[in-house]
Amino acid sequence: MIARLSLSVLLFAVMIYAWSEYRRAPAVGFASVLASAGGLYFVWFPAHATALAELAGIGRGVDLIIYTWVVISLLMLLNLHLKLRAQMELITALAREMALASPRLPAQKTNFNPSS
């Protein structure tokens, strides 16, 4: 019962956070709310997860949930990688534009002669 309550609190916190971030990223917010609602449902009705897993050809409901979690995690990792890559390309383009917009001549070299 303690695990069920603690998982429920955590999933409810995720749901509240996702709902608050809905304006910033509607698709991600909606998917997170949906995933946390599904998680809450399966926490309180684990037999339904097992029945759904059997329909999908997987032995246990826990296995179905873990497989789904792995797929969602990989999709999020891919999304973050693509966003990071786009930001790095943007930074490179901005640095290139700044370098071309204000070219500077190299500083005059002075011959330093300590013996004079």
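Computed packing ranks the peptides 36-47, 93-104 as 36-47, 93-104, most packed first, by mean other Cβ atoms within 10 Å. Which log10 I(q)/I(0) values, to two decimals, does the chain give at q = 0.13 Å⁻¹ under the Debye formula with one point per Cα? Those come out to -0.72, one per q. Remark: spin-label model distance ILE72-ALA27 equals 1.7 nm, labels positioned 7 Å along the Cα→Cβ axis.
Taking θ as phi - 60° and the Karplus parameters 6.51, -1.76 and 1.60, the scalar couplings of the stretch 49-62 work out to 5, 5, 5, 5, 5, 5, 5, 7, x, 10, x, 10, x, 5 Hz in sequence order, x denoting glycine and proline.
Computed per residue of the chain from DSSP H runs no shorter than four, each worth -39500 (n - 2.57), the mean residue ellipticity at 222 nm is -27000 deg cm²/dmol. Protection proxy ranking of 78-89, 23-34, by the mean of other Cβ atoms within 10 Å over each peptide's residues and highest first, is 23-34, 78-89. For ALA56 and ARG4, the FRET efficiency from 1/(1 + (r/R0)^6), where r spans their Cβ atoms and R0 equals 22 Å, is about 0.40. For TYR41 and ASN79, the FRET efficiency from 1/(1 + (r/R0)^6), where r spans their Cβ atoms and R0 equals 22 Å, is about 0.30.
No lab work stands behind these numbers, since they all come straight from the coordinates. If you're wondering where the values come from, they're calculated on a predicted model, not measured in any experiment. Methodologically, a virtual Cβ is constructed for each residue, glycine included, from the backbone with ideal geometry; neighbour enumeration extends over all protein chains shown.
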